[in-house]
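Report on the following structure.
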Amino acid sequence: MEFASEMERTLAEVFGFHSFRLHQRELVEAVLSGRDVFAVMPTGGGKSLCYQLPARLLPGAAVVVSPLIALMKDQVDNARATGLDARAFNSVSSPAERAEIRRALSLERLDLLYVSPERLLRPDFLEELAGYRLSFFAIDEAHCVSEWGHDFRPDYLGLSVLAERFPDKSLAAFTATATRRVAEDIGARLGLRSPLTIRASFNRPNLHYQVRPRSKNPEKQIMEIIELYPGESGLVYRATRKKVEETAAGLARRGLSVRPYHAGMGDEDRRAAQDDFQRDRCQVIVATVAFGMGIDKSNVRFVIHGDLPKNLESYYQETGRAGRDGEPAHCALFYGPQEMVLWRRFAEELAEDQLRRAALEQLRHMIDFVQRDGCRRRALLAYFGEKLPGKDCGGCDVCRGEVERFEATVPAQMALSAMVRTGGRFGAGHLADILVGADSAKIRDHGHHQLPTYGVGRAYDRQFWRDLMAALLARGLAWNSGDERYPTLAAAPRARPLLRGEEKFYVLRTAVKERVRRRQEEAAPDRPPLSEELLAAFKALRRSLAEAAGVPPYVVFSDRSLREMAQIKPESPDQFLRVTGVGLHKLEKFGQAFMALVSAHLEAHPDQRP
Ligand code: ADP
Ligand code: ZN
């Protein structure tokens, strides 16, 4: 096709990419040929290129529908940093900006016009748009059109008028939703006309999954992960506002640059927190799930869950915010018995039968995910109806052998017996005290030092017993006989075969191994080693350039680009263009400054000259 060579050239010169990622070429070609497309691709899959590249090549402006104004600003900054002519038209654009956008539209100079659905669907705006030359419509976050999705936006329903109002313009819909039900809903609701439909794999090979029981000191556990990534950005999710505050304070006491984020804070504070994070002015955000939708930061190196998420869909979306740039990223999950009890109670209290059953089923999958002794990635993908090819993934704690599975039938019997002998009326802490034979006032008051189980579990520590009881609870062998504030444990009828020795019980024991190693792909034989010193200098420069331009640092260059630069150590424009993510526009804007750092570095370290 006529566009073929132009397509390749634009990919390299404008976007600075050496090749298309999976599915990108097909999607770009379809949009260029005027066909509707519907792409379901995971976060970080490279969806924006699929409409930005055609928008650049086709005459007229592409109209991009995006749900959040905050997100739109970053998208526009990003596109402009690449050298595309992009603008946002929304409720916060000033009259002067609007006038300028109108001029650019009538001069056919604009590549991309970002709009919110409520703006786009205003009759006067649609009318006005019809008078300009447009190339096509792109609908970002298309799952917002589905009531089954997690971010339903009634405004999106109105987008069905586009196909009627602009019958000769193609529609390109994009989403990262993983559920098939939502995906099926989207095409119908938007009125797509026999679209090219792509459903990419939801596997995120660069994410490392790790799951462990939560200890009594979650801040310490969380800090151990963060310390693996000095100075790098990450998110910590906690289930409640109170836990968010506690964890943020705990991490700050340990000297971390951290901000809390939850729905109880004022708009202003939340915006400031988000902004500081986007711009690398604070390293870590501790948040409830309220945080995330408006975040489009590509260099998030870790996502830590301090509590069990409600279901695997949320877990997938939340961990999906890590490693959008394709670089390795770490997803750690710490779970405890409290959330299991709490989520179960929430589910059981749902009035409608169907909803209740669905919620309990989702919880069961979630608990199975943390307790399983098989590949985590396989389980996650299976939940979305996808089969992981090959034997194991090599990128989760189980596949890497960080998890030990060992038989704990006898300890399980001891713990259950302690529950039975105390009438199912005591919490895990007290039961652990009995098992290890602690001398506490509560034990003496209740005469528990005279129980046959007193001290039988001395060989293990209290933490072991707490984890073991969490595992019994998770697998339904024990249940919470109290409430979520004061949980107490009782043996479940299902535990009888285990107590009689007819069943075995296994638990997982995990240990954080040393730093998850960076993917080796960059250490290709023809690439010199990366200089950490140079990388640090690049990051500082990136930050000051970003501050000056009023954009987040990753808009200047992605982490991946900086890492490649610290290997290639480019001293000429030619070499600089070899770095992934460097197009002509970025070469011109930033090349000099970065190459100056390289020259100074090589002067000081002539041995590193490639
Ligand atoms: P999505 O919108 O699907 O979450 P993005 O469009 O934000 O993903 O792309 C994710 C990252 O991948 C960005 O940092 C982008 O620059 C990078 N990227 C996209 N396409 C390519 C490509 N063909 N080669 C290299 N990097 C790419
Ligand atoms: Zn695995």
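A few remarks follow.
- Residue satisfying condition, being of a type in the set (A, V, I, L, M), within 13 Å of ligand 1 (Cβ to nearest atom) and not in a helix (DSSP H, G or I), within set Leu22, Leu113: Leu22
- If you go through the stretch 248-270 and keep only what is surrounded by 18 or more Cβ atoms within 10 Å (Cβ to Cβ) and within 26 Å of Arg543 (Cβ to Cβ), you end up with Ala248, Leu251, Leu256, Val258, Arg259, Pro260, Tyr261, Met265, Arg270.
- Entirely in the stretch 524-593, the helices (runs of 4 or more DSSP H) that have 2 or more residues that are within 15 Å of ligand 1 (Cβ to nearest atom) and hydrophobic (A, V, I, L, M, F, W, C): 553-556, 559-568
- Scanning the stretch 29-53 for residues that are away from ligand 1 (no atom under 14 Å from the Cβ) and under 19 Å from Leu129 (Cβ atoms) returns Val31, Gly34, Asp36.
- Counted residues, the stretch 169-181 - those being at pLDDT 85 or above and within 19 Å of the chain's Cα centre (by Cα): 3
Residue-wise test of (1) at pLDDT below 90; (2) part of a loop (DSSP other than H, G, I, E, B); (3) not assigned by TED's automatic domain parsing to the domain that holds Thr319; (4) not hydroxyl-bearing (Ser, Thr, Tyr).
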position: Gln221; (1), (2), (3), (4): no, no, no, yes
position: Glu224; (1), (2), (3), (4): no, no, no, yes
position: Pro230; (1), (2), (3), (4): yes, yes, no, yes
position: Val236; (1), (2), (3), (4): no, no, no, yes
position: Glu246; (1), (2), (3), (4): no, no, no, yes
position: Ala249; (1), (2), (3), (4): no, no, no, yes
position: Pro260; (1), (2), (3), (4): no, no, no, yes
position: Met265; (1), (2), (3), (4): no, yes, no, yes
position: Phe277; (1), (2), (3), (4): no, no, no, yes
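- Tabulated pairs, the stretch 5-21, first within 11 Å of Leu49 (Cβ to Cβ), second assigned to a helix (DSSP H, G or I) and near ligand 1 (Cβ under 8 Å from one of its atoms), C-beta under 6 angstrom, 6+ apart or interchain: Phe17/Leu11
- Residue check for Gly424: more than 34 Å from the chain's Cα centre (by Cα), surrounded by fewer than 22 Cβ atoms within 10 Å (Cβ to Cβ) and assigned to a loop (DSSP other than H, G, I, E, B): yes
- Boolean, Arg80 is farther than 26 Å from Leu196 by Cβ, at pLDDT 95 or above, charged (D, E, K, R) and within 33 Å of the chain's Cα centre (by Cα): yes
- Subset of the stretch 13-24 [within 28 Å of the chain's Cα centre (by Cα) and either surrounded by 14 or more Cβ atoms within 10 Å (Cβ to Cβ) or within 18 Å of Val582 (Cβ to Cβ) (or both)]: Val14, Phe15, Gly16, Phe17, His18, Ser19, Phe20, Arg21, His23, Gln24
- Among the residues examined, Gly424 qualifies as of a type outside the set (Lys, Arg), modelled with pLDDT under 95, out of contact with any Cys (no Cβ under 6 Å at 6 or more places or on another chain) and not assigned by TED's automatic domain parsing to the domain that holds Leu342.
- Residue count for the stretch 44-55, restricted to those that are surrounded by fewer than 24 Cβ atoms within 10 Å (Cβ to Cβ) and part of a helix (DSSP H, G or I): 2
- Residue within the stretch 349-358 that is more than 16 Å from ligand 1 (Cβ to nearest atom), in contact (Cβ under 8 Å) with a residue 40 or more places away in the chain and not assigned by TED's automatic domain parsing to the domain that holds Ser481 present: no
- Matching residues in the stretch 25-34 - criterion: being surrounded by 15 or more Cβ atoms within 10 Å (Cβ to Cβ) and either part of a loop (DSSP other than H, G, I, E, B) or of a type in the set (Val, Ile, Thr) (or both): Val28, Val31
- All of Arg301, Arg321 fail the test of being buried (at least 22 other Cβ atoms within 10 Å of the Cβ), at pLDDT 90 or above, out of contact with any Phe, Trp or Tyr (no Cβ under 8 Å at 6 or more places or on another chain) and among the basic types (Lys, Arg), apart from Arg321.
- Of all the numbered requirements in (1) assigned to a helix (DSSP H, G or I); (2) away from ligand 2 (no atom under 16 Å from the Cβ); (3) modelled with pLDDT of 90 or more; (4) not β-branched (Val, Ile, Thr), Ala382 misses one, and that requirement is (2).
- Residue match in the stretch 433-447 (condition: in contact with a strand residue (DSSP E or B) (Cβ under 7 Å, 6 or more places away or on another chain), of a type in the set (Val, Ile, Thr) and not assigned by TED's automatic domain parsing to the domain that holds Pro213): no
- Taken together, the residues in the stretch 539-556 that are of a type in the set (Phe, Trp, Tyr) and over 20 Å from the mean Cα position of the chain (by Cα) amount to 0.
Matching residues to (1) assigned by TED's automatic domain parsing to the domain that holds Ala79; (2) under 26 Å from Ala70 (Cα atoms); (3) in contact with a Leu (Cβ under 9 Å, 6 or more places away or on another chain); (4) of a type in the set (A, V, I, L, M):
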{"site": "Lys569", "(1), (2), (3), (4)": "no, no, yes, no"}
{"site": "Lys589", "(1), (2), (3), (4)": "no, yes, yes, no"}
{"site": "Met595", "(1), (2), (3), (4)": "no, no, no, yes"}
{"site": "Glu603", "(1), (2), (3), (4)": "no, no, no, no"}
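- Scanning the stretch 363-384 for residues that are over 14 Å from Arg204 (Cα atoms), surrounded by fewer than 19 Cβ atoms within 10 Å (Cβ to Cβ) and either within 21 Å of the chain's Cα centre (by Cα) or free of Cβ contacts under 8 Å to residues at least 40 places away in the same chain (or both) gives Arg364, His365, Asp368, Arg372, Gly374.
- Here Thr82, Thr10, Thr43 are screened, and the one residue that is under 17 Å from Val555 (Cβ atoms) and polar (S, T, N, Q) is Thr82.
- Selection count where residues are farther than 12 Å from Ser201 by Cβ and more than 8 Å from ligand 2 (Cβ to nearest atom), scope the stretch 385-395: 2
- Meets criteria (surrounded by 19 or more Cβ atoms within 10 Å (Cβ to Cβ) and closer than 30 Å to Asp267 by Cβ) for Met41: no
- Residues in the stretch 123-140 that are touching a Gly at 6+ places or on another chain (Cβ under 9 Å) and within 30 Å of Ile295 (Cβ to Cβ): Leu134, Ser135, Phe136.
The values are calculated or read from the model by the stated rules, or taken from the named source; none is laboratory data. Keep in mind that this is a model prediction, so the values were computed, not measured. In this analysis, Cβ positions are derived from the backbone assuming ideal geometry, glycine residues included, and neighbour counts consider all displayed protein chains.
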